[in-house]
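The values are calculated or read from the model by the stated rules, or taken from the named source; none is laboratory data. Computed from a prediction, not measured in an experiment: that's the story for all the values here. So basically every Cβ, Gly included, is an ideal-geometry build from the backbone, and we count neighbours across all protein chains shown. Quick note on the areas: whole protein, heavy atoms, side chains included, nothing else; ligands and nucleic acids left out. Shrake-Rupley method; radii C 1.70, N 1.55, O 1.52, S 1.80 Å.
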There are 4 protein chains.
Amino acid sequence: MSGNSFGNFFRITTFGESHGKAIGVVVDGVTPGVSISEKDIQRELDRRKPGQSEVTTSRRESDRVHIISGVFNGKTTGTPVAMILYNSDIRPKDYEEIRELFRPGHADFTFYKKYGLRDYRGGGRASGRETAARVAAGALARKLLLARGVTVSAYTLRAAGVECSTFDPDVIEKNPLRAPDLQAAKKMLEKIGALAKEGDSTGGIVECRIKGVKAGLGEPVFEKLDARLAAAMLSLGGVKGIEFGRGFGCVDMRGSEHNDWMDASGFLSNNAGGILGGISTGEEIVFRIAVKPTSSVSVPQRTIDIHGKEREIIVKGRHDPCICPRLVPVVEGMSCIVLEDEYKSQAALLE
Amino acid sequence: MSGNSFGNFFRITTFGESHGKAIGVVVDGVTPGVSISEKDIQRELDRRKPGQSEVTTSRRESDRVHIISGVFNGKTTGTPVAMILYNSDIRPKDYEEIRELFRPGHADFTFYKKYGLRDYRGGGRASGRETAARVAAGALARKLLLARGVTVSAYTLRAAGVECSTFDPDVIEKNPLRAPDLQAAKKMLEKIGALAKEGDSTGGIVECRIKGVKAGLGEPVFEKLDARLAAAMLSLGGVKGIEFGRGFGCVDMRGSEHNDWMDASGFLSNNAGGILGGISTGEEIVFRIAVKPTSSVSVPQRTIDIHGKEREIIVKGRHDPCICPRLVPVVEGMSCIVLEDEYKSQAALLE
Amino acid sequence: MSGNSFGNFFRITTFGESHGKAIGVVVDGVTPGVSISEKDIQRELDRRKPGQSEVTTSRRESDRVHIISGVFNGKTTGTPVAMILYNSDIRPKDYEEIRELFRPGHADFTFYKKYGLRDYRGGGRASGRETAARVAAGALARKLLLARGVTVSAYTLRAAGVECSTFDPDVIEKNPLRAPDLQAAKKMLEKIGALAKEGDSTGGIVECRIKGVKAGLGEPVFEKLDARLAAAMLSLGGVKGIEFGRGFGCVDMRGSEHNDWMDASGFLSNNAGGILGGISTGEEIVFRIAVKPTSSVSVPQRTIDIHGKEREIIVKGRHDPCICPRLVPVVEGMSCIVLEDEYKSQAALLE
Amino acid sequence: MSGNSFGNFFRITTFGESHGKAIGVVVDGVTPGVSISEKDIQRELDRRKPGQSEVTTSRRESDRVHIISGVFNGKTTGTPVAMILYNSDIRPKDYEEIRELFRPGHADFTFYKKYGLRDYRGGGRASGRETAARVAAGALARKLLLARGVTVSAYTLRAAGVECSTFDPDVIEKNPLRAPDLQAAKKMLEKIGALAKEGDSTGGIVECRIKGVKAGLGEPVFEKLDARLAAAMLSLGGVKGIEFGRGFGCVDMRGSEHNDWMDASGFLSNNAGGILGGISTGEEIVFRIAVKPTSSVSVPQRTIDIHGKEREIIVKGRHDPCICPRLVPVVEGMSCIVLEDEYKSQAALLE
């Protein structure tokens, strides 16, 4: 497939380029009769939108969502919910200089090889801007999941080499890093600020916790719940790895130590991260993703142009020195989409 | 979907339980006119089959493949290739004792919650045995990829806390760990032997390197090449994480440092692991997976039965104290399936 | 699935309701580098749009298409082509009276049973207006097919009980019935005019001929070319049957008579309608669809409301007394989508 | 896709060739916990199997089904149900003579064009024998549907130019034509016998009636219930058309006449054939398919060989002079598969 759709029953299809007319999403398979408003969607989009703080790009997009279809009198009708965000602050001129250059770390070279042409306007479909469409769809999924008792929360666990050592859920949305540790957030901010001044960038780790998922969700073989979450997360630009529960830390453990034992009250530990054999255990689902340092840096780099000629490049434009905080709502949105889909899948199986 | 199929154009569907009559696979979308024999398939199955050494289960399965359809006069016809492996050394009695018990670390509990019933015979569909069907399909994909110049090689990078420090591809298939470092392999073997004596187990890291993939393969958004490989790997029981290129190691790097620069001769480094924006760069594709310690251990563990009653369990049966070496051909097989599918996808796009 | 997507490689997803903000389509899997303009799309939409003549509804929709994404500098980029048509002449008030009534012959009752709610605004997703999105996508497919030498032409073969007896392709677009026989068209027009005056409607037969399809397209079993065309056509509201080649007329023939013999120059007849075993023969593909009389009639009819109460209904609004001529471009568009998809499918198989 | 799978949630994948080792099917998405036995499946297979009477081929296949997976202790487990039928009475030698000839009316020519090679053994995947796999899967679906109160019954309405004029459901399985009118069946038998003596064949019409389907099943746009049934039926070799309810007979009717009115007791007529806007009305679903005369006839015919040379052909082998009676259980089976899938689809939507 051409890869612009995701999900089986609750299925999204995104479209639009970073510096084109608009980006949008069509969500199919939405339960009918559910209350939803543009405000519900906008709330999540505002968390992702650019220009929120000094660690994010200064591009000014209102990211205002328009629900075009699938909602009537404030309720979903069961037909496709199409949502559109018109691009406003586009500056294709920012990209004129690099129209024939491949930016290091970006998909410029690979897209050129795949499609045989170059849409040089700020990454086109490979731009992080595409994820706004996912956040919109995710907000819809989140609304549906809330009624099922499921909540999804992600945050920056590590950035610029600083890791959180405390966990206070209440502070996450109150600092520009979306970190659960204010002290750590402060240090991250300083380091990122220093890097930004040098025109450079950094990466980090985003952790996600999902509560309230009933036991028995997920498929047994290829569509394991962790396989689907992994696909969802690796489909985000800049994500280079994922781990569940104890993750890479489990490899040196003993089986007797890693296994989560049970007593009458339930599981006694959660090393598995809430998933066994690809199916939810009923415990909290926990995973972490590795986020690479932002590719757009304004230090001089070596590259080539579409004719193979060697060139030096200094990437201008407006970019996030660390994308973790803006990834947080995207990670949550994609998680919601996966889970909503799984609830429907299980209903179909048992019907 | 019910999750027993994988791939879009080159698409496999597996069936069968560990201790049922047989396991098998149907492969659809196979290029017609390609020479293939049961020998080609058997070679890969023999690498995965049980009973190869002291680090693997002593179950004796010949794992002999039967090609049932889709091949005529030694060549693929373009119609579905069905392959079956009849189970021979099944011992459902081994599992009689635990028919109402949930084995810690296994999918027993979650399958029971999902399906409302218990197929207690050795894990059923959740058993590692299901992966033999994938290896058979992967062997077919590998044959097709070879003609495209693509080679896939996996190996145990770390096991029982020991990591390889040298890389000699020629020794991989010559030691029971499938490690590229004989010294390390020896140490791993000792440690695993000691653990096995205690009835315990360990995990490890399997690394995979794919050479010869042309630039431009993979899809831009949801079906990114890394997203699909991640889904493929996390669909393997016991895999708890995956990372590409520098993986989790990239999170503290600077963008200017992590970006792979280019000159007229190509990329100057491969921190990205051969994939940018979800699409192949033409460089070697490199990823690593975290393999958890085998769940089946014969030390006493706490668990419950299907009635919620607390019980002690000692898992008998025949199990691998470390599954890394037997995962190696499975990781390769799944990688082949993903890549063969992507070649077809790209052909469809450009048609 | 929720049924708003069609196609495998060349895949469309439509959204929007008849009397909502807009209708639209996302087309994924479009070959990159192909010249396309809004004018190319508009040409086909203008053939379907309302208000063309006395046999079509008087609703006035400009049906102006906006290409939102997937085209850059006049060429497709290989990313999703989203197209939107904003609704302008909506009159939800026309439907206020019937907001609790089920219109006979319409999907009002069945949608209510399916979704548990009533979007009474002119049929919502079940409205013929949804097909404008298909025509837009079909125009894109047609452009791609033209380069392959494929042409698709449909026309009204029968309407109001009058059947064409001559075939002049040049007159099809020159009469309001889109009939290939001007004499017959004239009679149809008279009969339809008379029915319209009585507030009643009629049906007809649309025939479609596809030239230039190479031999070997289509899949062998479930996705036979005729099966997919049948699904495409029966997915159009008001279509109650389809037949290929000699169609229902073949049932009384002898095998020796119906079989299309061959000599060195090719097939000697085309009773099969260009498809054998689900795969194209290289001959002209020919099928006919049965179009039911328009359900919206202003004669009094018996029905019930959503509370089960018996009511009389007189359907007002603006409707086509015979939808055949406006179905013609839709039939062509859907045929183009199927065929473009098949070309890509075959490329993937042979890759 | 490569076209060997059908269905979304309840999804079947068939494999195997007419004169290969076996044919089979994998059924995914089966509700767990349902009682099923090989006997349940065999009953339906016996209705399709060859050698039942003088109107069917004399090939002797026991068509004995083996359930390989997905059933444990007599109940479905929710994992894939694989079923295999080994071929026994294969006579590839029957086909040696025609290994380079294209049989008129068969898929020989088109398969050769598609795949570039010739599996000359009796049609391979294009053989009617493939449908045994569908019947097996259909028998499973039928079992599930019975619990939902749905019954599916097909029969020969017309054959050899003779149409039934009475309808007695009790005689359908008691005459070799599976016709609901014994008088008509007798005449059909005579005519078919005469044709068979001449080495020729005939076609017919099979009608199908589905009772007990609840209102609200089916999807609104592309996956309309009639679109899916049409795809299912046209995916059967030899079927050249389908019509629902009044079918082609509706085209000359008036809207006011064709519309099914309602009163408090429900629909007053069923011209629609139980489907409005692609969604079930709760009335009986009724459709008819046009079955072409069997292509295999032993009268001399003109054809070419794979080198393009003109040849005369007399098709030997063992063939049905009219395939209608053996199509009956296949039509029922495919209908069951579609409907079971739709029940699951609706459950997913409403979840």
Q: Please verify whether region D:145-152 includes one or more residues that are at positive phi and touching a residue at least 40 places away in the same chain (Cβ under 8 Å).
A: yes
Q: Among the residues of region B:60-85, write down those that are of a type in the set (D, E, K, R) and either outside any loop (DSSP other than H, G, I, E, B) or open to solvent by 10 Å² or more (accessible area, probe 1.4 Å) (or both).
A: B:60, B:64, B:75
(Q) Looking at the structure I just gave you, is residue C:212 over 25 Å from residue C:53 (Cα atoms), modelled with pLDDT of 95 or more and open to solvent by 40 Å² or more (accessible area, probe 1.4 Å)? (A) yes
Q: Starting from residues that are more than 30 Å from residue A:256 (Cα to Cα) and acidic (Asp, Glu), keep the ones in region B:242-298 and report whichever is farthest from the chain's Cα centre (by Cα).
A: B:263
Q) What are the residue pairs meeting all of these: first residue in region A:30-55, first residue touching a residue at least 24 places away in the same chain (Cβ under 8 Å), second residue among the basic types (Lys, Arg) and in a loop (DSSP other than H, G, I, E, B), Cβ atoms under 6 Å, and 6 or more apart or on different chains? A) A:50/A:59
Q) If you take just the strands (runs of 3 or more DSSP E) that sit entirely in region D:280-328, which of them hold at least 2 residues that are buried (at least 24 other Cβ atoms within 10 Å of the Cβ)? A) D:285-291
Q.
Being touching a residue at least 60 places away in the same chain (Cβ under 8 Å), more than 10 Å from chain B (Cβ to nearest Cβ) and in contact with a Phe, Trp or Tyr (Cβ under 6 Å, 6 or more places away or on another chain) is the filter here; which residues of region A:93-107 pass it?
A. A:95
Q. Is it the case that residue B:203 is over 21 Å from residue B:327 (Cβ atoms) and not hydroxyl-bearing (Ser, Thr, Tyr)?
A. no
Q) Out of all the residues in region B:153-167, which are among the β-branched types (Val, Ile, Thr) and touching a residue at least 40 places away in the same chain (Cβ under 8 Å)? A) B:156
Q: May I ask you to list the residues in region B:281-302 that are within 7 Å of chain A (Cβ to nearest Cβ) and of a type in the set (Gly, Ala, Ser)?
A: B:290, B:295
Q.
Just to be sure I understand the filter: pairs with C-beta atoms under 7 Å, separated by 6 or more residues or on different chains, first member in region B:310-334 and on the phi > 0 side of the Ramachandran plot, second member open to solvent by 40 Å² or more (accessible area, probe 1.4 Å) and not aliphatic (A, V, I, L, M). Which pairs pass?
A. B:317/B:94
Q) Residues of region C:224-271 being in contact (Cβ under 8 Å) with a residue 40 or more places away in the chain, of a type in the set (A, V, I, L, M, F, W, C) and more than 7 Å from chain D (Cβ to nearest Cβ), which ones? A) C:225, C:229, C:232, C:233, C:236, C:239
Q. Which one is farthest from residue A:251 (Cα to Cα) among residues in region B:179-206 that are charged (D, E, K, R) and open to solvent by less than 20 Å² (accessible area, probe 1.4 Å)?
A. B:181
Q | Which numbered condition residue D:144 fails, given (1) assigned to a loop (DSSP other than H, G, I, E, B); (2) crowded, with 20+ Cβ neighbours inside 10 Å | A | (1)
**Q.** Positions within region C:173-210 being part of a loop (DSSP other than H, G, I, E, B) and more than 9 Å from chain D (Cβ to nearest Cβ), in sequence order
**A.** C:175, C:176, C:177, C:178, C:179, C:180, C:181
Q: Looking at (1) closer than 19 Å to residue D:110 by Cα; (2) open to solvent by less than 10 Å² (accessible area, probe 1.4 Å), find the lone condition where residue C:233 falls short.
A: (1)
Q.
Anything in region B:8-18 that is part of a loop (DSSP other than H, G, I, E, B) and either open to solvent by 10 Å² or more (accessible area, probe 1.4 Å) or at the interface with chain A (Cβ under 9 Å from one of its Cβ atoms) (or both)? List them, or say none.
A. B:8, B:9
Q | Meets criteria (within 30 Å of residue B:219 (Cβ to Cβ), open to solvent by 10 Å² or more (accessible area, probe 1.4 Å) and of a type outside the set (D, E, K, R)) for residue A:248 | A | yes
Q. For residue B:158, are the conditions met, namely being crowded, with 22+ Cβ neighbours inside 10 Å and assigned to a helix (DSSP H, G or I)?
A. no
Q. Only one of (1) facing chain D (nearest Cβ under 7 Å); (2) within 29 Å of residue D:309 (Cα to Cα); (3) of a type in the set (Val, Ile, Thr) fails for residue C:213. Which number is that?
A. (1)
(Q) For the list (1) of a type in the set (Val, Ile, Thr); (2) closer than 30 Å to residue D:294 by Cα; (3) open to solvent by 10 Å² or more (accessible area, probe 1.4 Å), I need the number of the one condition that residue C:275 fails. (A) (3)
Q: Within region B:108-129, track down each residue that is at the interface with chain A (Cβ under 7 Å from one of its Cβ atoms) and either open to solvent by 10 Å² or more (accessible area, probe 1.4 Å) or free of Cβ contacts under 8 Å to residues at least 12 places away in the same chain (or both).
A: B:109, B:110, B:111, B:113, B:114, B:126
Q) For region B:31-84, which residues satisfy the criterion of being away from chain D (no Cβ under 11 Å), at pLDDT 95 or above, farther than 18 Å from residue D:116 by Cα and touching a Gly at 6+ places or on another chain (Cβ under 8 Å)? A) B:37, B:44
